[in-house]
Amino acid sequence: METILADMTKSIDPDLMAHAGRIIRSGGLVAFPTETVYGLGGDALDPDASRKIYAAKGRPCDNPLIVHIAQMSALDAIVSGIPAAASALADAFWPGPLTMIFHKSDLVPKETTGGLDTVAVRMPSHPAALELIRQGGGYIAAPSANTSGRPSPTRASHVYEDLNGKIDMIIDGGPVGIGIESTIVDLTEEVPTVLRPGFISLEMLRSVLGNVRMDPGLRGDDPAFRPKAPGMKYRHYAPKAPLIIVEGEADNVRSRIQSLALEAEASGGRAGIIATDEDVSFYTNAIVRSAGTREDEITISRRLFSILREFDDLQVSVIYSEAFHTPQLGTAIMNRLIKAAGHQIITAEGGST
Ligand code: TXA
Ligand code: MG
């Protein structure tokens, strides 16, 4: 299949967008930018389109898709009742990087929800995403537009790498703003529960709803608790080289990573280091990439996945990353980094955690 590349980095092209809408309505797949990461879109109400999405990504079909809508009135038809909490959260955070889980209506095929009776819904804020949803019939199922197991795409070139030849069109809207996937909150539980941390933090959710909890399965350190979101149980975003996070006091972290990079070189390898602007000049004998300054957490989240992809291309033998316990986005950034590392964390002061 030939994949059309639609350049909309400067503005939305109405003819190409109308064509993209026709592709979706006739059961095809279009990758598109959102404010979080690029999505791989298909008609959420068409079981065949959902099957095609799973096939293109190589995604296990028990891992449900998020349905994207462009207006609040679209919600009624796909859920069985809108709880008051959902209206309050939608008022506060939609359109935006928040996904809510509802009990689904019969209109939503099980193919889209990975066999579940619940459905995840999000109203993105990116203008190209909203326009595609409108032109595509109002309901677009869209997982992140990466091959399953690779980091989510934050630029159209990442989508091209993974999906060229497998989908009908890629809409290039330039680099995304947030860089990690939406916060997921489950409203089918008695207490609203965060299944995936993201830009909308627990504190922001609590400021609207009061009581909100984190899914205990997210910690990943106790096999008795499994993450409720099926996708959170997979080892995602895994770079090709082993990734190890080094935690601890800043000076110790720097020295430890530097000596680990020297060891890698001495044994014939080459380390990649994920650092911050504050530390980048300290490291030698490695390929060093800064995720940005510690003062600007959104830049760190925006760059993280693209640095992981770059290290795949550069074929480093091992990756060391500083930890990013920043105030608002730290939970979300560390959740992605820890998954990419397959839980390999060491403390600079010695020992493993
Ligand atoms: O920011 C985002 O959410 C991006 C953009 C494209 O909108 N989309 C995205 O989709 O990250 P995906 O498919 O890569 O991740 C969806 C996550 C998976 O972990 C999946 O298991 C979970 O949402 N999920 C979807 N429906 C669910 C449901 N009914 N119950 C529990 N978890 C669900
Ligand atoms: Mg994904």
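The values are calculated or read from the model by the stated rules, or taken from the named source; none is laboratory data. Just so it is clear, the structure is predicted and the values come from calculations on it, not from any experiment. Because the Cβ atoms are built from the backbone with ideal geometry, glycine has one as well, and the counts that use them run over all protein chains shown.
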**Q.** Scan of segment 210-233 for residues that are crowded, with 18+ Cβ neighbours inside 10 Å and in contact (Cβ under 8 Å) with a residue 24 or more places away in the chain, ordered by number
**A.** 212, 215, 218, 228, 229, 231, 232
Q) Mind checking whether some residue in segment 115-123 is more than 12 Å from ligand 1 (Cβ to nearest atom) and either surrounded by fewer than 23 Cβ atoms within 10 Å (Cβ to Cβ) or hydroxyl-bearing (Ser, Thr, Tyr) (or both)? A) no
Q.
Against the definition (out of contact with any Cys (no Cβ under 7 Å at 6 or more places or on another chain), at positive phi and in contact (Cβ under 8 Å) with a residue 24 or more places away in the chain), how does residue 248 come out, yes or no?
A. yes
Q: Identify, from the list 177, 137, the residue that is more than 9 Å from ligand 1 (Cβ to nearest atom), of a type in the set (Gly, Ala, Ser), part of a loop (DSSP other than H, G, I, E, B) and under 24 Å from residue 74 (Cα atoms).
A: 137
Q. Which number in (1) modelled with pLDDT under 90; (2) surrounded by fewer than 17 Cβ atoms within 10 Å (Cβ to Cβ); (3) not acidic (Asp, Glu) marks the one condition that residue 236 misses?
A. (2)
(Q) Only one of 48, 43 is crowded, with 23+ Cβ neighbours inside 10 Å and either at pLDDT 95 or above or in contact with a Lys or Arg (Cβ under 8 Å, 6 or more places away or on another chain) (or both). Can you tell me which? (A) 43
Q: Could you check how many residues of segment 254-287 are assigned to a helix (DSSP H, G or I) and under 17 Å from residue 304 (Cβ atoms)?
A: 2
Q: Show the residue pairs that are 6+ apart or on different chains and have beta-carbon atoms under 7 Å apart, the first residue being within segment 134-149 and more than 18 Å from residue 170 (Cβ to Cβ), the second being at pLDDT below 95 and of a type in the set (A, V, I, L, M).
A: 149/238
Q: Just give me the residues in segment 151-188 being touching a residue at least 60 places away in the same chain (Cβ under 8 Å) and small (Gly, Ala, Ser), in sequence order.
A: 152, 156, 165, 173, 174, 177, 179, 182
Q: Filter segment 182-207 down to residues that are touching a strand residue (DSSP E or B) at 6+ places or on another chain (Cβ under 6 Å) and among the charged types (D, E, K, R) and give me whichever is farthest from residue 90 (Cα to Cα).
A: 196
(Q) Condition first: more than 14 Å from residue 170 (Cβ to Cβ), more than 16 Å from ligand 2 (Cβ to nearest atom) and within 23 Å of the chain's Cα centre (by Cα). Can you find one or more residues in segment 19-29 that meet it? (A) no
Q. How many of the residues making up segment 181-225 are within 23 Å of residue 151 (Cβ to Cβ), away from ligand 2 (no atom under 16 Å from the Cβ) and part of a helix (DSSP H, G or I)?
A. 2
Q.
Return the residues of segment 144-172 that are surrounded by fewer than 24 Cβ atoms within 10 Å (Cβ to Cβ) and in a loop (DSSP other than H, G, I, E, B); say none if nothing qualifies.
A. 147, 148, 149, 150, 155, 164, 165, 166, 168
**Q.** Among the residues listed as 160, 139, the single one being in contact with a Leu (Cβ under 6 Å, 6 or more places away or on another chain), at pLDDT 95 or above and under 21 Å from residue 49 (Cα atoms)
**A.** 139
